[in-house]
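Okay, structure first, notes after.
The values are calculated or read from the model by the stated rules, or taken from the named source; none is laboratory data. These figures come from a predicted structure and were not determined experimentally. Because the Cβ atoms are built from the backbone with ideal geometry, glycine has one as well, and the counts that use them run over all protein chains shown.
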Amino acid sequence: MRTGQHDPFPFRYIDPRMKSESEVIVRPARHVRGGVSLPGDKSISHRYAMLAALADGPSRLENYSTGADCASTLGCLRSLGVKWERRDGSDNVIEVQGTGLSLTAPSKRLDCGNSGSTIRMLTGIVAAQKFASEMAGDESLSRRPMERVITPLTAMGAQITSQNSRPPLRITGAELRSIDYKMPVASAQVKTCLLFAGLLADGETRIQEPLRTRDHGEVALRAFGAHLERKGNEVRIRGGQRLRGIDVRVPGDLSSAAFFLCAAALFPGSQLTITSLLMNPTRARLLDILMQIGLRISVTQLEEIHGELVGTLQVAGGKLKGATIAGADTAALIDEIPVLAAIAPYMEQGIEVRDAKELRVKESDRIASIATNLRALGAKVEEREDGLKIPGGQSLRGAELESFDDHRIAMAFSIAALRAHGETLIRGSECAAISYPAFFSTLEGLIER
Ligand code: S3P
């Protein structure tokens, strides 16, 4: 299914609806040039949809994520009796009618698809309802660890059964008690799950995270009118607070931007502008690392929208040095490590990733997926239990790669392929639609050959 050398279309998206049968061909590029504005941030879209469902009155969410994951959240909410509609003839303007903290019993299993955020965060809400529900997802989601939400929610009074701590989850809701909980794993999904449960519980819930993770849950709760307190790594929420609906535009997804930023980083002549992009400091470590690696970045038109920082980013390619990503940086860059690792061989010193065991329990075992694809491209890579060491100064040759049904792996390796010799085929590339359905066409529009 490879396109010939003279094919004018370097990306061939055979059929995005045919799971595991679509493949994309990527040919080398010379530059990245142009401007783009991205679909709404996935993390924020999930949280806004869930809080809008619980609020008093309607909410209007513009630039809602176009990814299948955020559609899974909307689908589950509909099954829980929440009325929402797409507005303005667009797939990314959503109007949600708030239910005022209460949902209705679902008549069928809640289908979370591929979305860890949907199942983990929504569990915090359904655990506090007066009914039982069952949440399940696809094969990849069915392998992902859930004890991180089961343990604290059980301590709050919910009854949850699982398959060896994996989905499907059967949740019997209860009147939840507040909890004082020290999270063993740094996870913003878990923190948000417990903040949502805490909002619906009796008394004050206190959550301590081992290190500071993305704070979109806190920011979104405040935007919907809740009061929270933060002291260092602890956040507190009092139960029983009412939420009010909001009208808001979701900032562009910074983790999706990472692919274009890394593409720009590959070519010294690149010039790229990204408007209305999320700049939340708990997510923006990516920008520091890219600058450290050699990308020139400037930020203009900074503004705050309902507590989230948004700005315009201008970037120019430079000489790529290298980086070590470890400790708190690993948690802060968890979704961007695949693409940083995929371009590491082109850097002078490469990249070393440490403390990244969590990457093994994402949509795929991302440490293994990255190592397998880099090797297929001819790179040397050292795979470790909790990370990777990828030497710099390597040149890659086009190859046939797998997406491992993992959206970030499919997108990351289409970027690495832009500087490889020869063309690269990525199987199962349709999974990019989990977070970014228009990814390949947008990338194509930014590339010069
Ligand atoms: C997310 C948190 C991260 C991230 C995921 C989205 C969120 O997961 O990998 O893509 O929106 O809170 P963990 O909380 O499991 O680290």
Worksheet item: Which one is nearest to A433 (Cα to Cα), of the residues in segment 124-150 that are within 13 Å of the ligand (Cβ to nearest atom) and part of a helix (DSSP H, G or I)?
Response: L141
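Given the residues L221, L199, L194, L153, which is the only one that is more than 16 Å from the ligand (Cβ to nearest atom), crowded, with 23+ Cβ neighbours inside 10 Å and not β-branched (V, I, T)? Reasoning before the result, please.
Numbers: L221 fails: more than 16 Å from the ligand (Cβ to nearest atom); L194 fails: more than 16 Å from the ligand (Cβ to nearest atom); L153 fails: more than 16 Å from the ligand (Cβ to nearest atom).
Going through L221, L199, L194, L153 in turn, the sole match is L199.
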Worksheet item: Going by the structure shown, is T205 more than 16 Å from the ligand (Cβ to nearest atom) and polar (S, T, N, Q)?
Response: yes
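Being surrounded by fewer than 23 Cβ atoms within 10 Å (Cβ to Cβ) and more than 16 Å from the ligand (Cβ to nearest atom) narrows it down to one of R249, R212, so name that one.
Working: R212 fails: more than 16 Å from the ligand (Cβ to nearest atom).
Matching residue, one of R249, R212: R249.
Just to confirm my filter: which strands (runs of 3 or more DSSP E) fall fully inside segment 164-212 and include at least 2 residues that are at pLDDT 95 or above and touching a Lys or Arg at 6+ places or on another chain (Cβ under 6 Å)?
Here the list reads 204-208.
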Practice prompt. Please go through segment 252-271 and pick out each residue that is under 21 Å from E303 (Cβ atoms) and within 16 Å of the ligand (Cβ to nearest atom).
Written response: G252, D253, L254, S255, S256, A257
Practice prompt. Identify all residues within segment 52-91 that are in a strand (DSSP E or B), acidic (D, E) and in contact (Cβ under 8 Å) with a residue 60 or more places away in the chain; write none if there are none.
Written response: D56, E62
Worksheet item: If you go through segment 97-122 one residue at a time, how many are more than 16 Å from the ligand (Cβ to nearest atom) and touching a Cys at 6+ places or on another chain (Cβ under 6 Å)?
Response: 1
Worksheet, complete the sentence: In segment 36-57, residues that are under 16 Å from A433 (Cα atoms) and surrounded by fewer than 24 Cβ atoms within 10 Å (Cβ to Cβ) total 0
Worksheet item: Mind checking whether some residue in segment 221-243 is farther than 30 Å from Y436 by Cα and of a type in the set (S, T, N, Q)?
Response: yes
Worksheet item: Restricted to segment 156-185, and to residues that are in contact (Cβ under 8 Å) with a residue 24 or more places away in the chain, within 22 Å of C112 (Cβ to Cβ) and in contact with a Pro (Cβ under 8 Å, 6 or more places away or on another chain), which residue is nearest to the ligand (Cβ to nearest atom)?
Response: V185
Response to the item:
Scanning segment 250-267 residue by residue, the ones that are under 14 Å from the mean Cα position of the chain (by Cα) and in a helix (DSSP H, G or I) total 6
